[in-house]
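J.: Starting off with a structure, shown below.
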Amino acid sequence: MAQKPVIELEGIRRDFIVGSETVHALRGVSFTIHEGEFVTIMGTSGSGKSTLLNILGCLDTPTSGEYRLDGTPVRTMSKTQRAVLRNRKIGFVFQSYNLLAKTTAVENVELPLMYNSAIGARERRDRAVTALQRVGLGDRLNHKSNQMSGGQMQRVAIARALVNDPAVILADEATGNLDTRTSFEILVLFQQLHAEGRTIIFVTHNPEIAQYSTRTITLSDGKLREDRVNTNILDATVKLASLPVEEE
Amino acid sequence: MNITNLFKIAMKAIGANKMRSFLTMLGIIIGVSSVIIMLALGHGAKETIKQDIQETDPGTIMIIPGPDYETLEGDWLPEYSQTLKPADYQSILEQNKYLKSLSPMVFSDGQLVCGNNNHSTTVYGVNDQYPAISGQVVEKGSIFTEEEIHSSAKVCVIGKSIVDKLYDKDADPIGTVIRINNIPVAVVGVLKSKGKDITGRDQDDLVLMPYTTVMKRMNPWQNYYNMIYATAENEKMIDLAMKDVTEILRANHKIKEGDMQDFNVRSLEQAVSMVDSVMGALTLLLSCIAGISLLVGGIGIMNIMYVSVTERTREIGLRMSVGARTRDIMNQFLIEAILISVTGGLIGVLIGASIAYFARFILMNFTEHHFLIAVEPWTVLLAFAICTITGVFFGWYPAKKAANLDPIDALRYE
Ligand SMILES: Nc1ncnc2c1ncn2[C@@H]1O[C@H](COP(=O)(O)OP(=O)(O)OP(=O)(O)O)[C@@H](O)[C@H]1O
Ligand SMILES: [Mg+2]
């Protein structure tokens, strides 16, 4: 079946000028990601994974090369246009959660919809509640961010990334701060979202995690070294069941 | 993002740092309350002076001896004070076309003795028309008659304070004889009390006598009047009357075109508008000084907004990553700054108005001053306008800084 392309990269370069030197963080990266793929991006530290993800998330613009998100060319867009694009088409999940302090789960999840004037207060709340239920936090709606565990905070962050029904969910080391068991709980969630048809791009250091995705792109020194379709996708629920439950 | 949500965010941010926000507001509170108090005092002073003057006939014209002091070249000569002669009064009395009343005035110090009591005051030599001109009412007895003026009779009308000083409680001064500068004078009337004026001067501490008596028996050397008071038929005729009087006196004094005039005709109207402009300037000056604290308060806001932006760098990065536009971030911080300054303004207005009205209450009830301190509605509006402008002005740069942050750097900020 021919799925529609969500992300199309052609010869993406990103140079940083640091003092008199130029750092080539990305040196011509090209690939296409279709709707419904669960892609892990791997690579050593400094290989350009975060730089690539920032470009994919329209937080940064490439020095050269073409990037089309859901068919829209991004490179020539203004700052405001990119902000709107992020708001409608992208969901971010960060390593350090980045929740608003002293703010309830619902309010945190509502945040992206606050910047979309087409959505009223009522719909905003309904969608936030639905997203929180989806990540298994239906009973923690009004808990504040500082009253939650790391795993719960990351679930809130995932709900926030889901709430605007984005074309793609981008996660940078989303399990980096979590213990093994909680990491797999989050991974189960990502696999479920993928099963529902969502497109996910997941940056990770952990080769084990790559086994749970459909495709792995490996970067090395700013270049694409390997792009491999995973034929033997593992089930995170199975792995989770095999992990010992922490003793009280 | 819409305004309501921006307000909620701003409120939350302010609420999260209550003490800090309050201290920042304090600058604005002090600034606004002092401006409000200054304007209320200024307004009060103006109104009080106006009220004091209002009792006087609004058509009052004063004829003053000597040239205009402001345009005078050379020194003030002693004879300048003696240019209004009885003949001038006579001419005005006979020739004037627009005057309702006319009274000469001569002053004398008076040493009053009545029984064992004595008191020194100013004696005003006037005619029977004077009380109407100056807005004084003879409460008991009556003003001296034309006949008594003509005969330089030893009669007087006294103010309330004189009664209090010289007589026992409940004593009736009418018909009694007091000694003024050793001359026995019969009291024929008592004036109604006017209280103190804005400067605290007792307006009831005076004696009125026929001008003829003062000139003949108290100041026998005096052959001139210290002033002549008149009132125009009505307020519209003030200018005509002034011109008329000026012409009569110029003819009398044989002053030619272009020569320096040795007398001055002024209207109360002019005096009132002068008081008005002097008080206005004074109020403006004091308000500007008070306004400086508002400026300091504004700088305080700017400072705290910079702190707020730095503290919330990651939050700004997050908001940008989920789709906040430059404008949204800008508005968020601007509204926070405005909210601080306008809330400070609101508290400042309340405190300022409370102090102003409390001062008025104290002055009215514990002293005899009737000082009409009042907060005018426009000053409140002005205070809020200034606070909004202060918020925008001093919030602008911090907000701009926040809005121009790079989302990636902001998200990474530790
Ligand atoms: N803002 C920047 N200015 C200058 N150089 C930068 C900037 N951001 C990234 N780089 C450089 O670009 C290269 C790639 O960085 P990037 O953060 O993308 O690596 P990464 O693959 O995400 O590494 P890690 O796994 O450690 O997160 C690095 O050499 C880094 O120093
Ligand atoms: Mg990285």
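The values are calculated or read from the model by the stated rules, or taken from the named source; none is laboratory data. The structure presented is a predicted model; accordingly, all values stated were derived computationally and were not measured. FYI the Cβ positions are ideal-geometry reconstructions off the backbone, even for glycines, and counts take in every protein chain you see. All accessible areas refer to the heavy atoms of the entire protein, side chains included, with ligands and DNA or RNA removed. Shrake-Rupley method; radii C 1.70, N 1.55, O 1.52, S 1.80 Å.
Okay, residues lined up against (1) more than 14 Å from every other protein chain (Cβ to nearest Cβ); (2) within 16 Å of ligand 2 (Cβ to nearest atom); (3) open to solvent by less than 30 Å² (accessible area, probe 1.4 Å):
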residue: A:Asn206; (1), (2), (3): yes, yes, no
residue: A:Ile217; (1), (2), (3): yes, yes, yes
residue: A:Thr231; (1), (2), (3): yes, no, no
residue: A:Ala241; (1), (2), (3): yes, no, no
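J.: Right, here's the next one. Return only the number of the condition from (1) buried (at least 22 other Cβ atoms within 10 Å of the Cβ); (2) away from ligand 2 (no atom under 16 Å from the Cβ) that A:Leu178 does not satisfy.
T.: For A:Leu178, the failing item is (1).
J.: Evaluate segment B:221-228: report whether one residue or more is of a type outside the set (Val, Ile, Thr) and open to solvent by 50 Å² or more (accessible area, probe 1.4 Å).
T.: yes
J.: When A:Ile17 is evaluated against the numbered criteria (1) hydrophobic (A, V, I, L, M, F, W, C); (2) within 16 Å of ligand 1 (Cβ to nearest atom); (3) closer than 21 Å to A:Leu162 by Cα, which criterion, by number, is the only one it fails?
T.: Evaluating A:Ile17 over (1) hydrophobic (A, V, I, L, M, F, W, C); (2) within 16 Å of ligand 1 (Cβ to nearest atom); (3) closer than 21 Å to A:Leu162 by Cα leaves (3) as the failure.
J.: Can you list residue pairs whose Cβ atoms sit under 8 Å apart, with the first residue in segment B:166-177 being modelled with pLDDT of 90 or more and the second being charged (D, E, K, R) and open to solvent by 40 Å² or more (accessible area, probe 1.4 Å)? Count only pairs 6 or more apart in sequence or on different chains.
T.: What qualifies is B:Asp172/B:Lys140; B:Pro173/B:Lys140; B:Ile174/B:Lys140.
J.: Also, quick follow-up: Before we move on, is A:Arg160 of a type in the set (D, E, K, R), open to solvent by 40 Å² or more (accessible area, probe 1.4 Å) and touching a residue at least 12 places away in the same chain (Cβ under 8 Å)? Walk me through how you get there before you give the answer.
T.: On the way: of a type in the set (D, E, K, R): yes; open to solvent by 40 Å² or more (accessible area, probe 1.4 Å): no; touching a residue at least 12 places away in the same chain (Cβ under 8 Å): yes.
So A:Arg160 does not fit the description; no.
J.: Using the structure shown, decide if A:Ile33 is β-branched (Val, Ile, Thr), surrounded by 15 or more Cβ atoms within 10 Å (Cβ to Cβ), at pLDDT 95 or above and away from ligand 2 (no atom under 16 Å from the Cβ). Break it down into steps so the answer makes sense when it comes.
T.: Numbers: β-branched (Val, Ile, Thr): yes; surrounded by 15 or more Cβ atoms within 10 Å (Cβ to Cβ): yes; at pLDDT 95 or above: yes; away from ligand 2 (no atom under 16 Å from the Cβ): yes.
Criteria met by A:Ile33.
Okay, residues lined up against (1) within 14 Å of chain B (Cβ to nearest Cβ); (2) within 13 Å of ligand 1 (Cβ to nearest atom):
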site	(1), (2)
A:Val6	no, no
A:Gly28	no, no
A:Ser45	no, yes
A:Gly57	yes, yes
A:Arg75	no, no
A:Arg82	yes, no
A:Asn87	yes, no
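Residues are listed down the side, and each one gets a yes or a no for (1) more than 8 Å from chain B (Cβ to nearest Cβ); (2) of a type in the set (A, V, I, L, M); (3) touching a Cys at 6+ places or on another chain (Cβ under 6 Å); (4) not in a strand (DSSP E or B):
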residue: A:Leu100; (1), (2), (3), (4): no, yes, no, yes
residue: A:Val109; (1), (2), (3), (4): yes, yes, no, yes
residue: A:Asn116; (1), (2), (3), (4): no, no, no, yes
residue: A:Ile119; (1), (2), (3), (4): yes, yes, no, yes
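J.: Test B:Thr60 against the criterion of being open to solvent by less than 50 Å² (accessible area, probe 1.4 Å) and not assigned by TED's automatic domain parsing to the domain that holds B:Ile389, and give yes or no.
T.: yes
J.: Which one of the conditions (1) buried (at least 21 other Cβ atoms within 10 Å of the Cβ); (2) more than 14 Å from every other protein chain (Cβ to nearest Cβ); (3) over 39 Å from the mean Cα position of the chain (by Cα); (4) not hydrophobic (A, V, I, L, M, F, W, C) does B:Lys401 fail to meet, given that it meets all the rest?
T.: The one condition B:Lys401 does not meet is (1).
J.: For segment B:63-96, how many residues are loosely packed, with under 12 Cβ neighbours inside 10 Å and either outside any helix (DSSP H, G or I) or under 32 Å from the mean Cα position of the chain (by Cα) (or both)?
T.: Adding up the residues that qualify gives 7.
J.: Another question, then. Confirm whether B:Met1 is open to solvent by 60 Å² or more (accessible area, probe 1.4 Å), within 14 Å of another protein chain (Cβ to nearest Cβ), in contact (Cβ under 8 Å) with a residue 40 or more places away in the chain and not aromatic (Phe, Trp, Tyr).
T.: Considered against the rule, which asks whether it is open to solvent by 60 Å² or more (accessible area, probe 1.4 Å), within 14 Å of another protein chain (Cβ to nearest Cβ), in contact (Cβ under 8 Å) with a residue 40 or more places away in the chain and not aromatic (Phe, Trp, Tyr), B:Met1 comes out as no.
J.: Mind listing whichever residues of segment A:40-66 are surrounded by fewer than 20 Cβ atoms within 10 Å (Cβ to Cβ) and more than 14 Å from ligand 2 (Cβ to nearest atom)?
T.: If the condition is that a residue be surrounded by fewer than 20 Cβ atoms within 10 Å (Cβ to Cβ) and more than 14 Å from ligand 2 (Cβ to nearest atom), then A:Thr61, A:Thr63, A:Ser64, A:Gly65, A:Glu66 are the ones that fit.
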